[in-house]
Amino acid sequence: MNVITIEGRLGSGAPEIAKDIAEKLSFDYIDRIIMAEIAKKVNISLDHVIETEENVNSGLNKFVKAIQRIIKNSASIGMAGDPYFGPDIEQILSTPYQKMNKNNENFDEEMFIQTTSEVVEDIYSVGNSVIIGRGASEILKNHKDVLKIGISCDKKDRINRIMKEQNINDFSSAKKIIGQADNNQNNYYGKAFNSSPLNENLLDIIINSSHFSKENISKLCISIVKNKNNL
């Protein structure tokens with residue numbers, strides 16, 4: 001079990017928990033920004049990939065190098081070519097849930113769903129990573145070696161966390177941000193997977209971050225991983 005997916009609502013504290021788990025397991029932490037950077041770097045011609053592959057360094061670029069190899073191998077056996085396409089792919093993949101709506105002309109929902117799925121599948125093939133959000137649990141649902149975690153949270157605590165993180169003084173404004181993000185997240189999961197966030201029939205475990213500390217949640221998840229891997 002070398003890949004962990006973590007799903008959560010805005011303000012649930014899921015990113016902080018995911019980062020903590022990744023750090024303690026020495027896994028790579030993958031969020032929407034990193035996914036966008038991977039797609040941006042890989043969105044070049046295969047010829048250029050071949051010419052520059054030896055120049056790809058460690059860190060984030062290890063994923064780029066591995067994914068470039070996947071693309072080249074796929075092309076060599078007659079499969080589809082480079083799956084990362086379209087203009088401004090980094091803006092598409094990095095779009096937060098609260099900005100995913102039909103009135104946003106800069107958001108291409110179909111491209112988002114397809115590209116996100118391709119990026120997540122490629123990250124899975126590399127392994128040793130914690131992927132936060134974007135329906136990664138749904139995308140990788142047929143992979144039995146993935147630990148799928150959900151982080152729930154009481155709405156009042158979510159609103160208070162957003163107020164603190166975004167320096168918002170008005171409770172109503174923060175509540176509106178949470179509501180918009182939830183609505184768009186629901187729409188995304190519905191259209192992309194015919195499902196919903198925190199699907200109890202899919203996730204291996206759902207933990208309420210209002211009831212447990214980040215440290216205790218991390219310890220529990222890490223113990224599950226180590227037990228599964230006989231570490």
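Can you find a residue in segment 170-187 that is assigned to a loop (DSSP other than H, G, I, E, B), loosely packed, with under 14 Cβ neighbours inside 10 Å and of a type in the set (S, T, N, Q)?
No, because not a single residue in segment 170-187 is assigned to a loop (DSSP other than H, G, I, E, B), loosely packed, with under 14 Cβ neighbours inside 10 Å and of a type in the set (S, T, N, Q).
Determine, yes or no, whether Asp204 is touching a Leu at 6+ places or on another chain (Cβ under 7 Å), acidic (Asp, Glu) and farther than 18 Å from Gly11 by Cα.
yes
Do you know which residues across segment 1-32 are among the β-branched types (Val, Ile, Thr) and under 17 Å from Ile207 (Cβ atoms)?
Once the filter is applied, which keeps residues that are among the β-branched types (Val, Ile, Thr) and under 17 Å from Ile207 (Cβ atoms), segment 1-32 yields Ile4, Thr5, Ile6, Ile17, Ile21.
Of all residues being aliphatic (A, V, I, L, M) and either assigned to a strand (DSSP E or B) or modelled with pLDDT of 95 or more (or both) in segment 113-139, which is surrounded by the most Cβ atoms within 10 Å (Cβ to Cβ)? Just the residue, please.
Ile131
Can you confirm whether Lys176 is of a type in the set (Lys, Arg) and farther than 15 Å from Val130 by Cβ?
Against the criterion (of a type in the set (Lys, Arg) and farther than 15 Å from Val130 by Cβ), Lys176 qualifies.
Ser218 - would you say it is surrounded by 14 or more Cβ atoms within 10 Å (Cβ to Cβ) and either basic (Lys, Arg) or over 22 Å from Asn2 (Cα atoms) (or both)?
Here the answer is no, as Ser218 does not meet what is asked.
The rows are residues; the columns are (1) closer than 27 Å to Phe27 by Cβ; (2) in contact with a Ser or Thr (Cβ under 9 Å, 6 or more places away or on another chain); (3) without any contact (Cβ under 8 Å) to a residue 40 or more places away in the chain.
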site: Thr116; (1), (2), (3): yes, no, no
site: Arg134; (1), (2), (3): yes, yes, no
site: Asp145; (1), (2), (3): yes, no, no
site: Gly150; (1), (2), (3): yes, yes, no
site: Lys155; (1), (2), (3): no, no, yes
site: Ile159; (1), (2), (3): no, no, no
site: Met163; (1), (2), (3): no, yes, yes
site: Ile177; (1), (2), (3): no, no, no
site: Tyr188; (1), (2), (3): yes, no, no
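The values are calculated or read from the model by the stated rules, or taken from the named source; none is laboratory data. The structure displayed is predicted, hence computed values, not measured ones. Note: ideal-geometry Cβ built from the backbone for every residue, glycine included; neighbour counts use all protein chains shown.
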